[in-house]
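The values are calculated or read from the model by the stated rules, or taken from the named source; none is laboratory data. Keep in mind the model is a prediction, meaning the values are calculated, not measured. Note that each Cβ is placed from the backbone with ideal geometry, even for glycine, and that neighbours are counted across all protein chains shown. The protein model used for the area step is the full one, side chains on, heavy atoms only, and it has no ligands, DNA or RNA in it. Shrake-Rupley method; radii C 1.70, N 1.55, O 1.52, S 1.80 Å.
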Amino acid sequence: MSKKKGLSAEEKRTRMMEIFFETKDVFQLKDLEKIAPKEKGITSMSVKEVLQSLVDDSMVDCERIGTFNYYWAFPSKALHARKRKLEALESQLSEGSQKHASLQKSIEKAKIGRYQREQLKAEVEKYKDCDPQVVEEICQANKVAKEAANRWTDNIFAIKSWAKRKFGFEENKIDKTFGIPEDFDYID
């Protein structure tokens, strides 16, 4: 003779929700303690525990009126809860995509700044024996480009820091994902 295996907690929760969704009615605890064993095979001893877990998870609503607690759950509430969760996740995804695009633009601008710096260095080398005023002008332009490159480098570090705090990414994964070289740093 084999003993009948009891229901798992998740099966009890599912069957309890079926009672609410099928009847679309409002119940007191004593009503559920009578209905659940007959219709869904949930022992009357565990009805209160299962019901409380559903209330705690906001799957079933509970309201105290006078001395009685009334319980209800409608299929539309579950659908709306899933829709709100989906909308929140889609919003987070959109925000993450925008941040990704912003980081990519910052990286491209920093690369351009670095390239301009290298060009300016080469030009200074060409004219180092020339007029000191020309050399001074080139140095000033180089300084501006260097400041711009360092400003963009600072922006990239700020965005990386924000991404680490906001999404919990590791720095090396951010660098790898956005193509930031390991030796990426401020220009001296």
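Looking at the stretch 159-188, which of the residues that are of a type in the set (Gly, Ala, Ser) and either touching a residue at least 24 places away in the same chain (Cβ under 8 Å) or under 16 Å from ALA101 (Cβ atoms) (or both) is surrounded by the most Cβ atoms within 10 Å (Cβ to Cβ)?
By that ranking, first place goes to ALA163.
Do we find a residue being surrounded by 17 or more Cβ atoms within 10 Å (Cβ to Cβ), over 34 Å from the mean Cα position of the chain (by Cα) and modelled with pLDDT of 90 or more anywhere in the stretch 146-154?
Yes, the stretch 146-154 contains a residue that is surrounded by 17 or more Cβ atoms within 10 Å (Cβ to Cβ), over 34 Å from the mean Cα position of the chain (by Cα) and modelled with pLDDT of 90 or more.
In a helix (DSSP H, G or I) and either within 28 Å of ASN155 (Cβ to Cβ) or open to solvent by 80 Å² or more (accessible area, probe 1.4 Å) (or both): is that true of SER76 in this structure?
Against the criterion (in a helix (DSSP H, G or I) and either within 28 Å of ASN155 (Cβ to Cβ) or open to solvent by 80 Å² or more (accessible area, probe 1.4 Å) (or both)), SER76 does not qualify.
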